Amino acid sequence: MAGKFNAGTVEPSFSLSGSLSEPTTTSEHKMTVRVRYFASLREKMGRIDDTLVYENIATVDDVWRAVSSGRPIPDQLLCAVNMEYADPQSLVNDGDEVAFFPPVTGGSG
């Protein structure tokens, strides 16, 4: 299964371990970002997490597009960077953990 990252010319491919392979372009700086999926999103993605080794990732939205074959981030999707809620335009740094999960609903009391 191949994904296309729109912000650059990187075309990663998924390995059986759920990680993404090295980018096909060269760069002076590559970032490593751990991506985690929770609840029903884990089932939809078909995996628990990914490790991205990428260039040209700046925001949470960039991370989502890298792991979702370039699709835009769904409006209702919740995001976190290093266990703190974040919006799609939040910056991502080398070594960060980015998590995606569906909205949480509460029950009646």
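The values are calculated or read from the model by the stated rules, or taken from the named source; none is laboratory data. Please read all numbers here as calculations on a predicted model, not as lab measurements. Every residue, glycine as well, gets a Cβ built from its backbone with ideal geometry; the counts of neighbours run over all protein chains shown.
Could you tell me which residue of the stretch 72-93 is nearest to Phe38 (Cα to Cα), considering only residues that are surrounded by fewer than 12 Cβ atoms within 10 Å (Cβ to Cβ) and of a type in the set (D, E, K, R)? Among them, the one singled out is Glu84.
Of everything in the stretch 51-71 that is farther than 22 Å from Pro103 by Cα and touching a helix residue (DSSP H, G or I) at 6+ places or on another chain (Cβ under 9 Å), the residue that is surrounded by the fewest Cβ atoms within 10 Å (Cβ to Cβ) is Asn56. Per the listing Gly8, Gly95, the residue uniquely at pLDDT 95 or above, assigned to a loop (DSSP other than H, G, I, E, B) and more than 12 Å from the chain's Cα centre (by Cα) is Gly95.
Residue pairs whose Cβ atoms lie under 6 Å apart, separated by 6 or more positions or on different chains, with the first residue in the stretch 52-75 and within 15 Å of Gln89 (Cβ to Cβ) and the second among the hydroxyl-bearing types (Ser, Thr, Tyr) and assigned to a loop (DSSP other than H, G, I, E, B), are Val60/Ser90.
Scanning the stretch 28-60 for residues that are under 19 Å from Pro74 (Cβ atoms) and among the small types (Gly, Ala, Ser) yields Ala39, Ser40, Gly46.
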